[in-house]
Structure formats: C-alpha cells, structure tokens
Amino acid sequence: MRKVFLITALFLVMALTGLIIWLPYLWWIALLIIPFLLLGFMDYFQKSDNIKRTYPLLGRITNLLEEQRHVLQETLLLNRTEGMPFNWIQKEIVYKRAADANKSQPFGTQLSYEKLGREWFVHSAFPSATIQDDFRVIIGGPKCYQPYNASILNLSGMSYGSISKNATLAFNGGAKIAGFAQNTGEGGLTPYHQKYGADLIFQFGTGYFGCRNENGDFDAKKFSEIARNDLVKMVEIKISQGAKPGFGAILPAKKNTEEISKFREIEAHTEIHSPAHHSAFGNTKELVEFIKKLRKLSNGKPIGIKLCLGQKTEFEKMVKILVEMQDYPDFIVIDGAEGGSGAANMDSLHWGGTPLPEALHFANKTLIDYNLRQYIKILAAGKIISSFDLYKTLALGADACYSARGMMFALGCVQSLKCNLNTCPTGITTMNPSRVASLVVDDKKTKVANYHKNTIEGLKEILTSMGLKDRKGISKENIFKRINETDEKSYGEIYN
C-alpha cells in the first residue's frame, strides 16, 4: 500500500505540473489536491503511527473514526437500552424532567425483566392518597451548633475548573430556585458559587484549594473566612472519590486558566495533581482532632467526610476509634466506585473502590452496630439519576443523596466523554469561551430546578404506589432484583 501511494502521488505531481503548464486556468484543481498529497507524504515518512504509515492518507480516516467512535455510537448505532455509563432511557428521564415536558412513555418497558440484575419495586393494592413529608433532613450532631436542614437530593461536588463558569452559575441558580444545596467541589469557593444565593456545601480535598498556604498545606485563617460565609451551610472533607479512590485528583493543563489558578492559588496552564493523602491528618485520631478544629473555625457548622469505601476492616476500625474518642463527623458521604470524574486514573476508574449499594449497606450497618447512626447522617453518591435510584439509595441507608451526572444531563450534557479534553460540545466541562457561551444560564438554571422538582415528585409517586404517607416507610423489602434465570431476591434478603 505504501508503494502504491508513492507511485500514485508521483504520478499526480507530474500530472498537476503538466496541467498547470498547459491549462493554467485550472490551477484551482491543484490547490485542492496538493494539501492531500502533503498530508499523504507526512503520513508516509512519519514513524509513530503504524496505520498511517502503511496506509498514507487513508489511515487518517481510521484515526478519525476511532476518536469519534463514542459520538457515532451514541447518536447513530446504539438502541435505547444500550450506552455507558448511562443509556438513552436514563438520559431521557432527565431531559424530560428538566424540560418539564411530557413525562409519559408508550408501549411498555424496553428493559427486559428476564435480564440478570434487573430491578423493580413492588406496589400496594391500596395506594395512599397523600404524602406528608417535606423531603428534607436535619444534618448536625450533638457538637454542631448550626445544623443544616438539607434536601434529600443535592448537587454533588463539581469544581469550577472541572466544569465551566456558566455551568457553575446555572447549578447555583437552579439550586436556589428548587431549594437544594450546591457542593462546591474541591476547587475552592468562587463568585460563581454565590451569584444567586443558593445554599453551599464547601468541599476541600488534599490540595486545600481556597484554604491553602504557600506550601500547599491547610490554612486555618483562609478556611475560616470561607466557612463563616452565610451561604456555606456545611463543610465536607474529601478523603477519596469514587472514580479515583486513593489516587488523588487531576486538573488538566488545558482547563487550568488564569482565573481558575487564582481561585486555587496554583500556577496557571499546568497540569495539577492533588496528592492522594492529606497533610493535615494521617489517621482517624488526627482526623477527629482536625474535625474539632474545623467545627470551631466555622462557628459550629456541620463537618463531614467524603470517601469511597475501600478496605472494610479499615472502615470498621475507624468507627471503633470514633466511639472511643466520643467525637465524630456530623455526616459521612459514601461515594460509590461507579461515581464519575472530569479526569481520573484509568485503573482506578475501572477497577478501584466498592460499588455504592454494597458500600452504603456496609457503612450504615457498621454505624448501627456501634450505636453511632443516630449521631451521623449518611449522604450517598453514585449514578443517582431517577426517582427509583433515589428510593433505592434511601432504602439502603442514606439520609440524603448527591447527583452530579444527572444534574449535568439537566444542563444538556450529551455524554460525549470529552470532559478531560476541554472540548465538551455543550459548554459544561470546557473553558473554551465560545463553547461556554452556548450554555445559556437563564434557561439551564430553570432546567436544573425542574429536574430536582420532578425527581422528588417521582419519589412521591413511588411512595404513594406503595401505600406510604412519608419516607419513613421506605424499605429494602420493597425492591427486588433478578439473581438468575428463575429467581429474584429482595434487597432485604441480599443486604441482610
């Protein structure tokens, strides 16, 4: 093939030369062909790509199809039940709820009840007529002086830098309208998190962005200034994240703009790796002392930790020490291994951590076993999209939930999987000004609020179908899962 290209190219060069000499008015044909010939010669002589070297010019088509493979699959090839991490049915639920559009569907489910792992809920023969529940939860233990009355569904941590300015603004506006909390993510508190006055959960991780000193360690004074902001209702220490547990975080250089670097107090246009470990503490006892310090610096606001469950014996040991010290966080966020991220280590993304159902059940059970459950609230995150997802998560022991990718779909995310490349076509996860401008804040903040409102309404409908009048009746016994071709088990049996 390489020889064929070389012979063809030489023939074309000779032909074009003759064409220009004898028919000069057809010079434009040469202008069209010469660029392709140059690309072909570049492919012919380069050494890094086998396909392009073997098939000059034509090999570029293969590369293009590989790069856009996911986009082609999503838009042309996959049916409604296919697609990962989310299929079209899941995305459509969010799109319709966000648009406050027709939320019905015809002709029966396309999700096979015979498929291994298929889940469903069971209803009552006598549905209830009304629901008497505000779907909020008070977060704050005995040593918390400013407990927070949180929605049971909130925006998961997404930093400005991971997502764009307009995405941050739209989330803030939507949270204000619908009355839920916006988690800042670990990228620091910015004016875009405060624009519309929504409740905030200030999160920081190992980089201590927004509250770090010159060496990158925790700065108490800067933290106190943020934590005492009236809009900040809770503080969340990120120990680990579902998509990259124990691996730290990455901010690609392309997304590290001058403005973002100022908020994070880092060097602009460089790839930033937050370490996997905290410098402020290195074990549970030191963590408890650190929480005490934060509670004082924040004037008694709820202080919690976020982690992806790893070694179960280590978590149980942590709980034992909390009992011994008689001090503990006000809340624990359990992030499932199926959680997402703008940029994550490939090994950790696919194989690190414990999935949310198993992790949430274990954490809840452990806290109950050690008589701490009444003092520590549990929040959960990990592919929570639908009202059924919300019900399942509450049934497994969560008091409240986070959603990140569900909220992103409400902004118009199309799952192009370009979050880490700064080329997001919807303006959500890119810093490219022209693409960010395509995300209209006034429209999208309403869609975010609609999605939250209609997801809570969907949960109400599930509860009434079960004959329940409030969420106190939520139970693992009302969810079933197919475990083989002929048998199913309730969540109560699976997570005993």
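Brief remarks on what is shown
- Considered as a group, the residues in region 142-179 that are more than 28 Å from residue 322 (Cβ to Cβ) and part of a loop (DSSP other than H, G, I, E, B) include one that is nearest to the chain's Cα centre (by Cα), and that residue is 158.
Listed here are the residues, each with its yes/no results for (1) farther than 19 Å from residue 137 by Cβ; (2) assigned to a strand (DSSP E or B).
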residue	(1), (2)
390	no, no
393	no, no
401	no, yes
408	yes, no
419	yes, no
426	yes, no
449	yes, no
467	yes, no
480	yes, yes
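- Helices (runs of 4 or more DSSP H) (entirely within region 279-363) containing at least 3 residues that are under 30 Å from residue 385 (Cα atoms), of a type outside the set (S, T, N, Q) and modelled with pLDDT of 90 or more: 312-325
- For region 123-175, filtered to residues that are out of contact with any helix residue (DSSP H, G or I) (no Cβ under 8 Å at 6 or more places or on another chain) and charged (D, E, K, R), the residue that is surrounded by the fewest Cβ atoms within 10 Å (Cβ to Cβ) is 134.
Residues are listed down the side, and each one gets a yes or a no for (1) in contact (Cβ under 8 Å) with a residue 24 or more places away in the chain; (2) more than 16 Å from residue 333 (Cα to Cα); (3) more than 27 Å from the chain's Cα centre (by Cα); (4) surrounded by fewer than 22 Cβ atoms within 10 Å (Cβ to Cβ):
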position: 234; (1), (2), (3), (4): yes, no, no, no
position: 276; (1), (2), (3), (4): yes, yes, no, yes
position: 293; (1), (2), (3), (4): yes, yes, yes, yes
position: 320; (1), (2), (3), (4): yes, yes, yes, yes
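- Region 100-117 residues that are charged (D, E, K, R), paired with ones that are part of a loop (DSSP other than H, G, I, E, B) (beta carbon under 8 Å, 6 or more apart): 114/485
- In region 407-447, residue farthest from residue 167 (Cα to Cα) [restricted to those that are in contact with a Leu (Cβ under 9 Å, 6 or more places away or on another chain) and of a type in the set (D, E, K, R)]: 447
- Among the residues of region 428-445, those that are crowded, with 19+ Cβ neighbours inside 10 Å and either under 19 Å from residue 91 (Cβ atoms) or not assigned by TED's automatic domain parsing to the domain that holds residue 261 (or both) comprise 428, 429, 439, 444.
- Of the listed requirements (1) in contact (Cβ under 8 Å) with a residue 40 or more places away in the chain; (2) touching a Lys or Arg at 6+ places or on another chain (Cβ under 7 Å); (3) of a type in the set (A, V, I, L, M, F, W, C); (4) farther than 18 Å from residue 236 by Cβ, residue 367 misses just one: (4).
- In region 337-371, the residues that are surrounded by fewer than 17 Cβ atoms within 10 Å (Cβ to Cβ), aliphatic (A, V, I, L, M) and farther than 30 Å from residue 254 by Cβ: 368
- The lone exception for residue 401 - which of (1) modelled with pLDDT of 95 or more; (2) of a type outside the set (Phe, Trp, Tyr); (3) over 15 Å from the mean Cα position of the chain (by Cα) it fails: (3)
- So residue 247, is it in a loop (DSSP other than H, G, I, E, B), surrounded by 19 or more Cβ atoms within 10 Å (Cβ to Cβ) and aromatic (Phe, Trp, Tyr): yes
- Scan of region 342-364 for residues that are in contact with a Lys or Arg (Cβ under 6 Å, 6 or more places away or on another chain) and among the polar types (S, T, N, Q), ordered by number: 345, 348
- Residue within region 258-276 that is polar (S, T, N, Q), in contact with a strand residue (DSSP E or B) (Cβ under 7 Å, 6 or more places away or on another chain) and in a strand (DSSP E or B) present: yes
- When 191, 106 are checked against the criterion of being surrounded by fewer than 17 Cβ atoms within 10 Å (Cβ to Cβ) and assigned by TED's automatic domain parsing to the domain that holds residue 203, 191 stands alone in meeting it.
- Residues in region 73-122 that are in contact with a helix residue (DSSP H, G or I) (Cβ under 7 Å, 6 or more places away or on another chain) and not in a loop (DSSP other than H, G, I, E, B) were compared, and the one that is modelled with the lowest pLDDT is 91.
- Considering region 250-274, the residues that are in contact (Cβ under 8 Å) with a residue 12 or more places away in the chain, among the polar types (S, T, N, Q) and surrounded by 13 or more Cβ atoms within 10 Å (Cβ to Cβ) include one that is nearest to residue 344 (Cα to Cα), namely 274.
- Checking 195, 165 one by one, the residue that is without any contact (Cβ under 8 Å) to a residue 40 or more places away in the chain and closer than 21 Å to residue 443 by Cα is 195 and no other.
- Exactly one residue out of 419, 413, 401 is crowded, with 18+ Cβ neighbours inside 10 Å, closer than 24 Å to residue 373 by Cα and assigned by TED's automatic domain parsing to the domain that holds residue 201: that is 401.
- Looking across region 212-240 at every residue that is of a type outside the set (Val, Ile, Thr) and in contact with a strand residue (DSSP E or B) (Cβ under 6 Å, 6 or more places away or on another chain), the one that is nearest to residue 298 (Cα to Cα) is identified as 227.
- Number of the condition not met by residue 459 [criteria: (1) in a loop (DSSP other than H, G, I, E, B); (2) in contact (Cβ under 8 Å) with a residue 40 or more places away in the chain; (3) under 23 Å from the mean Cα position of the chain (by Cα)]: (1)
The values are calculated or read from the model by the stated rules, or taken from the named source; none is laboratory data. This one's a predicted model, so the numbers in the text were calculated from it and none came from an experiment. Ideal geometry is used to build each Cβ from the backbone, glycine not excepted, and the neighbour counts take in all protein chains shown.
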